[in-house]
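The values are calculated or read from the model by the stated rules, or taken from the named source; none is laboratory data. This one's a predicted model, so the numbers in the text were calculated from it and none came from an experiment. Cβ sites come from the backbone with ideal geometry, for glycine too, and all protein chains shown count toward neighbours. The accessibility values were calculated without ligands, DNA or RNA, using every heavy atom of the protein model including side chains. Shrake-Rupley method; radii C 1.70, N 1.55, O 1.52, S 1.80 Å.
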Amino acid sequence: MPQRIAAVTLVVRDYDEAIHFYTRQLGFELLEDTDQGQGKRWVLVAPPGSAGPALLLAQAATPEQTASIGRQTGGRVSFFLYTDSFAQDHARLLAQGVRFLEEPRHESYGTVAVFEDLYGNQWDLLEPR
């Protein structure tokens with residue numbers, strides 16, 4: 001089997017609030033939510049029909065992990081959500097209360113706008129050219 005990235009960890013404050021944001025506001029699917037005991041869960045979410053990596057929502061368990069919530073990449077855009085219908089997805093996310101940090105802009109590589117998740121992690125909504 002060829003290697004591939006299956007999941008990327010996102011440290012969150014609380015499993016349930018993160019699941020709610022990613023499934024209700026972003027429209028992702030809950031792929032798995034398995035209790036691992038002692039308050040730990042294996043929670044995977046991904047955009048509907050995605051063939052790419054899933055997000056592993058990992059609840060912070062130490063003060064160091066808690067301090068990294070929302071700034072795991074030092075304030076840079078952390079994630080890139082590709083779409084084939086920017087205008088439709090942008091409008092849907094706005095209607096769901098997702099906070100965009102800028103107006104949509106047209107770049108040489110596509111149409112893009114930066115938004116924040118509930119913890120302040122920055123995402124690009126991007127329709128490539």
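Can you name the residue in segment 16-51 that is out of contact with any Asp or Glu (no Cβ under 9 Å at 6 or more places or on another chain) and without any contact (Cβ under 8 Å) to a residue 12 or more places away in the chain and is also least open to solvent (accessible area, probe 1.4 Å) among such residues? I'd like the intermediate steps shown before the answer.
Taking segment 16-51 as the starting set, the residues that turn out to be out of contact with any Asp or Glu (no Cβ under 9 Å at 6 or more places or on another chain) are 16-17, 20, 24, 28-40, 51.
Still in the running and without any contact (Cβ under 8 Å) to a residue 12 or more places away in the chain: 16, 20, 34-38, 51.
On the way: Asp16: 89, His20: 92, Thr34: 56, Asp35: 118, Gln36: 101, Gly37: 30, Gln38: 198, Ala51: 102 Å².
Residue satisfying both the conditions and the ranking: Gly37.
Per-residue answers, yes or no, for (1) open to solvent by 50 Å² or more (accessible area, probe 1.4 Å); (2) in contact (Cβ under 8 Å) with a residue 12 or more places away in the chain; (3) among the acidic types (Asp, Glu):
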{"site": "Pro53", "(1), (2), (3)": "yes, yes, no"}
{"site": "Ala60", "(1), (2), (3)": "no, yes, no"}
{"site": "Arg71", "(1), (2), (3)": "yes, yes, no"}
{"site": "Asp84", "(1), (2), (3)": "yes, yes, yes"}
{"site": "Asp89", "(1), (2), (3)": "no, yes, yes"}
{"site": "Arg92", "(1), (2), (3)": "yes, yes, no"}
{"site": "Gln96", "(1), (2), (3)": "yes, yes, no"}
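Can you name every residue in segment 1-15 that is over 20 Å from Thr62 (Cβ atoms) and either open to solvent by 70 Å² or more (accessible area, probe 1.4 Å) or within 11 Å of the chain's Cα centre (by Cα) (or both)? The answer is Met1, Pro2, Gln3, Arg4, Ile5. Scoring Gln88 on the criteria (1) within 15 Å of the chain's Cα centre (by Cα); (2) within 24 Å of Gly49 (Cα to Cα); (3) of a type in the set (S, T, N, Q) leaves a single failure, condition (1). Scanning segment 118-129 for residues that are touching a residue at least 40 places away in the same chain (Cβ under 8 Å) and assigned to a loop (DSSP other than H, G, I, E, B) turns up Leu118, Tyr119, Gly120, Asn121.
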